[in-house]
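These notes concern the structure reproduced below.
The values are calculated or read from the model by the stated rules, or taken from the named source; none is laboratory data. Quantities reported herein were computed from a predicted structural model and do not represent experimental measurements. Please note: Cβ atoms are built from the backbone with ideal geometry, for glycine as well, and neighbour counts cover all protein chains shown. With ligands, DNA and RNA removed, areas are computed over all heavy atoms of the protein, side chains included. Shrake-Rupley method; radii C 1.70, N 1.55, O 1.52, S 1.80 Å.
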Amino acid sequence: MVNWPGIIKHSDDAELVYVSDQSAWDNDADLHYIKYDESDCLIDASGNIYTLTKQGNKHVKPEPNGVSMSLDEILGMVKAHAAQSGSCCVSKLYAPTIYHAFKIVESLNET
(Lines give C-alpha, C1' and ligand atoms only; values in the text may rest on other atoms or scores of the structure.)
Protein backbone atom coordinates (compact mmCIF):
# COMPACT_ATOMS: atom_id res chain seq x y z
CA MET A 1 0.00 0.00 0.00
CA VAL A 2 1.33 3.42 -0.98
CA ASN A 3 2.29 5.73 1.89
CA TRP A 4 1.09 9.04 0.42
CA PRO A 5 2.16 11.61 -0.66
CA GLY A 6 4.20 10.36 -3.56
CA ILE A 7 6.06 11.57 -6.61
CA ILE A 8 6.16 10.17 -10.10
CA LYS A 9 9.62 10.00 -11.64
CA HIS A 10 9.68 9.66 -15.41
CA SER A 11 12.68 8.01 -17.02
CA ASP A 12 15.33 10.36 -18.43
CA ASP A 13 13.51 13.44 -17.15
CA ALA A 14 14.21 15.54 -14.05
CA GLU A 15 10.59 16.66 -13.80
CA LEU A 16 8.72 15.16 -10.86
CA VAL A 17 4.96 14.96 -10.46
CA TYR A 18 3.57 15.37 -6.96
CA VAL A 19 0.59 13.19 -5.97
CA SER A 20 -0.95 14.13 -2.63
CA ASP A 21 -3.03 11.06 -1.83
CA GLN A 22 -5.00 8.09 -3.13
CA SER A 23 -7.95 10.32 -3.96
CA ALA A 24 -5.75 12.55 -6.12
CA TRP A 25 -4.42 9.45 -7.90
CA ASP A 26 -7.92 8.03 -8.44
CA ASN A 27 -9.45 11.31 -9.59
CA ASP A 28 -6.75 12.43 -12.05
CA ALA A 29 -7.05 10.39 -15.22
CA ASP A 30 -3.77 11.86 -16.45
CA LEU A 31 -2.02 9.96 -13.67
CA HIS A 32 -3.47 6.50 -14.03
CA TYR A 33 -4.78 6.17 -17.59
CA ILE A 34 -1.56 6.98 -19.44
CA LYS A 35 1.01 4.49 -20.63
CA TYR A 36 4.13 4.68 -18.51
CA ASP A 37 7.61 3.64 -19.60
CA GLU A 38 9.04 0.59 -17.85
CA SER A 39 11.49 2.76 -15.92
CA ASP A 40 8.90 5.32 -14.77
CA CYS A 41 7.99 4.87 -11.12
CA LEU A 42 6.05 6.19 -8.17
CA ILE A 43 8.02 6.82 -4.98
CA ASP A 44 6.09 7.10 -1.73
CA ALA A 45 6.79 9.03 1.48
CA SER A 46 8.61 6.00 2.91
CA GLY A 47 10.94 5.88 -0.09
CA ASN A 48 9.33 2.71 -1.47
CA ILE A 49 9.35 2.42 -5.26
CA TYR A 50 6.33 1.26 -7.26
CA THR A 51 6.23 0.24 -10.90
CA LEU A 52 3.55 1.85 -13.04
CA THR A 53 3.19 -0.54 -15.95
CA LYS A 54 0.60 -2.96 -14.58
CA GLN A 55 -2.89 -2.17 -15.77
CA GLY A 56 -6.09 -3.43 -14.28
CA ASN A 57 -9.50 -2.30 -15.50
CA LYS A 58 -7.66 -0.15 -18.08
CA HIS A 59 -5.87 1.98 -15.48
CA VAL A 60 -2.42 1.81 -13.94
CA LYS A 61 -2.11 0.38 -10.47
CA PRO A 62 1.15 1.08 -8.60
CA GLU A 63 2.87 -2.19 -7.74
CA PRO A 64 5.67 -2.34 -5.13
CA ASN A 65 8.95 -3.56 -6.60
CA GLY A 66 10.69 -4.25 -3.27
CA VAL A 67 13.24 -1.46 -3.72
CA SER A 68 13.43 1.81 -1.82
CA MET A 69 15.30 5.10 -2.07
CA SER A 70 17.11 7.00 0.65
CA LEU A 71 16.38 10.59 1.60
CA ASP A 72 19.69 11.64 0.01
CA GLU A 73 18.75 10.01 -3.31
CA ILE A 74 15.34 11.68 -3.25
CA LEU A 75 16.84 15.07 -2.37
CA GLY A 76 19.11 14.70 -5.40
CA MET A 77 16.04 14.20 -7.60
CA VAL A 78 14.25 17.14 -5.95
CA LYS A 79 17.28 19.37 -6.57
CA ALA A 80 17.39 18.32 -10.24
CA HIS A 81 13.66 19.02 -10.52
CA ALA A 82 14.10 22.44 -8.89
CA ALA A 83 16.99 23.29 -11.22
CA GLN A 84 14.93 22.32 -14.27
CA SER A 85 12.11 24.51 -12.93
CA GLY A 86 14.49 27.48 -12.83
CA SER A 87 14.79 27.74 -9.05
CA CYS A 88 17.82 29.43 -7.61
CA CYS A 89 20.03 28.24 -4.74
CA VAL A 90 19.14 24.64 -5.52
CA SER A 91 22.23 23.30 -3.78
CA LYS A 92 20.89 24.69 -0.49
CA LEU A 93 17.65 22.70 -0.62
CA TYR A 94 17.25 20.50 2.42
CA ALA A 95 14.47 18.41 3.92
CA PRO A 96 14.61 16.39 7.17
CA THR A 97 12.33 13.66 5.80
CA ILE A 98 11.14 12.27 2.47
CA TYR A 99 7.70 13.69 3.22
CA HIS A 100 9.19 17.18 3.49
CA ALA A 101 11.19 16.66 0.30
CA PHE A 102 7.94 15.84 -1.49
CA LYS A 103 6.35 19.00 -0.10
CA ILE A 104 9.17 20.96 -1.79
CA VAL A 105 8.14 19.35 -5.09
CA GLU A 106 4.52 20.29 -4.41
CA SER A 107 5.46 23.91 -3.75
CA LEU A 108 7.64 24.09 -6.87
CA ASN A 109 4.79 22.73 -8.99
CA GLU A 110 2.42 25.39 -7.64
CA THR A 111 4.52 28.29 -8.92
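Accessible area per residue of the chain at 1.4 Å probe, in Å²?
Numbers: 6360 Å² over 111 residues.
Result: 57 Å² per residue.
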Backbone HN-Hα couplings from phi across the range 99-104 [Karplus 6.51/-1.76/1.60, Hz, Gly and Pro as x]: 3, 5, 5, 5, 5, 4
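Counting only C-alpha contacts under 8 Å and six or more residues apart, can you give the relative contact order of the chain as a whole percent? Don't skip to the end; give the middle numbers.
Numbers: 178 pairs, mean separation 27.6, N = 111.
After rounding, I find 25 percent.
For every helix of n ≥ 4 consecutive DSSP H residues, a contribution of -39,500 (n - 2.57) applies; sum these over the chain, divide by its total residues, and give [θ] at 222 nm rounded to the nearest 500 deg cm²/dmol. Working shown, then result.
Numbers: 4 runs with 37 residues, N = 111.
The helix contribution divided over the chain gives -9500 deg cm²/dmol.
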The range 50-111 shape via C-alpha gyration tensor axes, a/c threshold 1.5: prolate
Rounded Å value of the spacing that divides the Cα centres of the range 34-63 and the range 74-88: 22 Å
Karplus-derived 3J(HN,Hα), 6.51/-1.76/1.60, for each residue of the range 76-88, Hz, glycine and proline x: x, 5, 5, 5, 5, 4, 5, 5, 5, 7, x, 6, 9
Charge dipole (debye, nearest 20) of the chain; +1 at Cβ of Lys and Arg, -1 at Cβ of Asp and Glu: 140 debye
Distance in nm between pseudo-label sites at SER68 and SER11 (7 Å out along the Cβ direction from Cα): 2.6 nm
Listed residue pairs exceeding 24 Å between alpha carbons, taken from LYS79/LYS103; LYS35/LYS92; LYS9/LYS92; LYS58/LYS79; LYS58/LYS103; LYS9/LYS103: LYS35/LYS92; LYS58/LYS79; LYS58/LYS103
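Take the Cα pairs of the chain, get the Kirkwood Rh, then feed it into Stokes-Einstein at 37 °C and 0.692 mPa s and tell me D in µm²/s.
Working: Rh = 14.1 Å.
Reported coefficient: 233 µm²/s.
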Sequence-distant residues sharing a close amide H with HIS59 (under 5 Å, placed H): none
Accessible area of the chain belonging to carbon and sulfur atoms, whole % at 1.4 Å probe: 49 percent
Proximal charge balance of SER85 [Cβ under 13 Å; K/R count +1, D/E count -1]: -3
Unit charges at the beta carbon, dipole of the chain: most positive-side option, THR53, ALA14, HIS100: HIS100
